[in-house]
Amino acid sequence: MGKPPLSGIRVVEFAGIGPGPFAGMMLADHGAEVIRIDRTRPGGLSLAIDAKDPLLRSRRSVSLDLKNPDAIAAVRRIVRDADAIIEGFRPGVMERLGLGPDVLLGDNPRLVYGRMTGWGQTGPRAHEPGHDINYVALSGVLHALGRAGEKPTPPINLAGDFGGGAMFLAFGMLAALLHAQRTGEGQVVDAAMTEGSSVLMSMMWGFRAMGRWRDERGTNLLDTAAHFYDTYETSDGKYVSLGAIEPQFYAEFRRVAGLDDAKWDRQMDQGGWPALKDELTALFRTRSRDEWVALFEGHDICFAPVLGFDEARADPHNVARGAFVEAGGVSQPAPAPRYSVSDTVVPQMAGARDDAGLLRELGFGDAEIAALGH
């Protein structure tokens, strides 16, 4: 295997929560050198680094008081030699610090300036506070999530913070880095969680245009209305997932489960879905989760048990793939995806802070380091 694909790329990450660190983790997982700038609290106390947080893995950090002009000058100096930055403040904050795009791109014209916000850099809501739940609400995503007749169910913070935010930021930064390598021209990447999360719904927008998706949640093929695409409780209080959409998988499910009655023939008759779901609900409660797993194993059905954290880590398939790793005593997902030629980075948890050591590596002398309070 060769070096990770982002080896040689330096990214400066301004400390934040949620999607910004997740994007930094993704880039570091694939070989980028990510240097995190932590802001100090009043009195010079550094913000705590949690050594158990996978979002902070595989990069080092330095704490700087960004109200100190010497610290601002130091940041500009560090960014001058970087390929990209990540910041997740509200619009205008970086500009007020003297670290806005005009300044940093002026110092480094090939810089990719990654900006992570909920609402985006412009628009009527741009300066309003918010969280994942608010962003996916405005994008139309949250409205679609949940069962019929029930209130919308937030998908933790997966669709906004991480799927619609961090992953779109990382993708946009890589696209801009390719552009910068070809042209020498840097640019700003404006990643808004509202827009990223809405893009995740593109297939449903297509289904809607084709007349195959209703605007009422819990009434469609993939949102728990169909009896052949849902989760079911088993006799031991656990759950299984069924996704037998295609006719051949549905037929095999019926065969193995012993569903011979002709009423099961009308798979796509939505009028019959509620009654068939009631029957499957009762059927799945007749056996334990592991008994259903054993029954369906080796059959082309699109079926899997619903696993908890520890169960997922111990599942034989996940073990064989190395899907989870342990670093610093913390079990966590391994970097993904995998490459045929390149390595990913073996996760290293955040360690004890060595601000002075990192600053020396970045070319700062002892007097300059002392002026920064280290």
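In terms of overall dimensions, the chain has a Cα radius of gyration and Dmax of 24.8, 84 angstrom.
Quote to one decimal, in nm, the extra length available between Ala356 and Glu246 on full extension: 0.36 nm per residue of separation minus the C-alpha distance between them.
The span from Ala356 to Glu246 would gain 33.6 nm if fully extended.
Looking at segment 116-165, I'd like the Rg to Rh ratio, where Rg is from alpha-carbon atoms and Rh is Kirkwood's inverse mean 1/r. Don't skip to the end; give the middle numbers.
Values: Rg = 11.5 Å, Rh = 11.4 Å.
For segment 116-165, the value is 1.01.
Across segment 84-101, the residues whose backbone nitrogen lies under 14 Å from the label position 7 Å along the beta-carbon direction of Gln181 are 84.
Each residue in Arg289, Arg147, Arg266 was given a count of other beta-carbon atoms within 10 angstrom of its own, and listing them fewest first yields Arg266, Arg147, Arg289.
Sorted into 5 angstrom bins from 0, the C-alpha pair distances of segment 21-167 split as 2, 8, 15, 18, 19, 17, 11, 5, 3, 2, 1, 0 percent. DSSP beta bridges confined to the chain are antiparallel in about 35 percent of cases.
Segment 306-360 and segment 231-273 have their alpha-carbon centroids 36 Å apart. Computed from Cα atoms alone, the Kirkwood hydrodynamic radius reported for segment 229-317 is 13.7 Å. So how tilted is helix 69-80 from the main axis of the chain? Cα-based, degrees 0 to 90, rounded to 10. Helix 69-80 sits at roughly 60 degrees to that axis.
Once you have the Cα-Cα distance between Glu326 and Asp343, take 0.36 nm times their residue separation minus that, and quote the gain in nm to one decimal.
Numbers: separation 17, 0.36 × 17 = 6.12 nm, distance 1.74 nm.
Taking 0.36 nm per residue and subtracting the Cα distance, the gain is 4.4 nm.
With the simple spin-label model, which puts each label point 7 Å out from Cα in the Cβ direction, the Glu216 to Asp107 separation comes to 5.7 nm.
With 31 Å as the limit, write out which pairs from Lys151/Lys277; Lys52/Lys151; Lys3/Lys238 have Cα-Cα distances beyond it, or answer none.
Details: Lys151/Lys277 20 Å; Lys52/Lys151 34 Å; Lys3/Lys238 43 Å.
Lys52/Lys151; Lys3/Lys238, as the Cα separations exceed 31 Å there.
Quick one: helix 273-284 against the long Cα principal axis of the chain, what's the angle to the nearest 10°, folded into 0 to 90? Roughly 90 degrees, rounded to the nearest 10.
Readers should treat all values here as calculations from the given coordinates under stated rules, not as data from a laboratory. This is a predicted model, so every value here is computed, not measured. Cβ atoms come from the backbone with ideal geometry, glycine included; neighbour counts cover every protein chain shown.
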